Amino acid sequence: MPTISDPRFKEADLLARAVENVFRKLIRFLVGRISLVKLQEMIRHIYVEETEQKLRKDRPGKNVPLTQLALNTGLDTRTLTRVRARLETGKQQYRRQFLAELTPESAVVEAWAGRIARGEGEGDPSVLDYGTDDAGFEKLLRSTISTRGITSKSIIQRLVATRSIEHDRKGRRLRLLVDHYSPYLSDDEPNIINAAFSAISNLISTIEHNVEAEQDERLFQRHAWTFRLAPADRAEFRRSLREMLEQYESAAVQKIEPWESDTYGNELVTAGVGFYYFEEDNK
């Protein structure tokens, strides 16, 4: 049997290592924000959608048979039929349900808020007791979450941390404070995350282009780093490079402005450069 060092496996091993490195850092960030179940579902749908688009591009004017999709995705045709149906019909409704169930706690909030909107239950539906099998919150969990091992205590802790509920420990009651769940722990976190993933998306677009492009058509893509930075110098090193990057950013803005069109439209192109600093412990 061929070993991993066999030349036939070197390219596959390089790709697998690169993907694992990117996924590991992405998943490290996603823990607590998107459940593994929903992440798998999202990846499956995106993979099928992108595969179909690529096959249509390779075979213009022709339908993409399920057998070809199965070959390129590794999914069976029954699964592909279900995924295709969700992509083609009821996309908005499906997306709303998907977003509402990104995590177990988001599914709980969505179900709870839905009951309030429908006026279900006795008394104030925004308040539920907890702590026993017959308590309102425990009943809500059983009707909402099917995953074993998730306790009411862990859900309550997360909902308190994200300011989704008010927790009355003495009275053993919970009050819902929001009409939808947000995993963000601070007011500026959504903007930080949006900027971060925009930068990631732009870099991946550059990499994707460079892999396919001829040598003279590749976009500029460089890194400069050291493996030998003393921990004691970290703060000063950060400050020094930040000053340099801020100067480059100002210069880039001045360089871009004369090229900007006075109008907006889908026929225009988004283009630019990115600046960021990174560091990792050598462990």
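The values are calculated or read from the model by the stated rules, or taken from the named source; none is laboratory data. Everything numeric in this text was worked out from a predicted model, so none of it was measured. Note that each Cβ is placed from the backbone with ideal geometry, even for glycine, and that neighbours are counted across all protein chains shown.
Meeting the requirement of 3 or more residues that are at pLDDT 90 or above, the helices (runs of 4 or more DSSP H) wholly within the range 87-149 are 104-118, 136-144.
For the range 98-148, taking the residues that are polar (S, T, N, Q) and more than 24 Å from the chain's Cα centre (by Cα), the one that is surrounded by the most Cβ atoms within 10 Å (Cβ to Cβ) is identified as 126. Take the range 240-279 and flag every residue that is more than 15 Å from residue 224 (Cβ to Cβ), assigned to a loop (DSSP other than H, G, I, E, B) and charged (D, E, K, R). Correct list: 260, 262, 267. For beta carbons closer than 7 Å, sequence separation of 6+ or different chains, a first residue in the range 253-275 that is closer than 22 Å to residue 220 by Cβ and a second that is aliphatic (A, V, I, L, M), the qualifying pairs are 272/256; 273/252; 274/199; 274/203; 275/245. Does any residue of the range 69-78 turn out to be out of contact with any Ser or Thr (no Cβ under 6 Å at 6 or more places or on another chain), at pLDDT 90 or above, of a type in the set (Lys, Arg) and surrounded by 13 or more Cβ atoms within 10 Å (Cβ to Cβ)? No, because not a single residue in the range 69-78 is out of contact with any Ser or Thr (no Cβ under 6 Å at 6 or more places or on another chain), at pLDDT 90 or above, of a type in the set (Lys, Arg) and surrounded by 13 or more Cβ atoms within 10 Å (Cβ to Cβ). Within the range 231-238, none of the residues are closer than 30 Å to residue 54 by Cβ and outside the structural domain of residue 50 (by TED's automatic domain parsing). Any residue at all in the range 10-33 that's touching a residue at least 12 places away in the same chain (Cβ under 8 Å) and either acidic (Asp, Glu) or loosely packed, with under 12 Cβ neighbours inside 10 Å (or both)? So far as the range 10-33 goes, no, none of its residues is touching a residue at least 12 places away in the same chain (Cβ under 8 Å) and either acidic (Asp, Glu) or loosely packed, with under 12 Cβ neighbours inside 10 Å (or both).
Filtered by the rule that a residue be within 28 Å of the chain's Cα centre (by Cα) and either at positive phi or surrounded by 11 or more Cβ atoms within 10 Å (Cβ to Cβ) (or both), the range 210-240 gives 210, 213, 218, 219, 238. Take the conditions (1) without any contact (Cβ under 8 Å) to a residue 24 or more places away in the chain; (2) within 20 Å of residue 121 (Cα to Cα); residue 143 misses just one of them, which is (1). Residues that are without any contact (Cβ under 8 Å) to a residue 40 or more places away in the chain and hydroxyl-bearing (Ser, Thr, Tyr) were ranked within the range 153-209; the one that is surrounded by the most Cβ atoms within 10 Å (Cβ to Cβ) is 206. Looking across 193, 200, one residue alone is under 22 Å from residue 18 (Cβ atoms), at pLDDT below 90, of a type outside the set (S, T, N, Q) and outside the structural domain of residue 29 (by TED's automatic domain parsing). It is 200.
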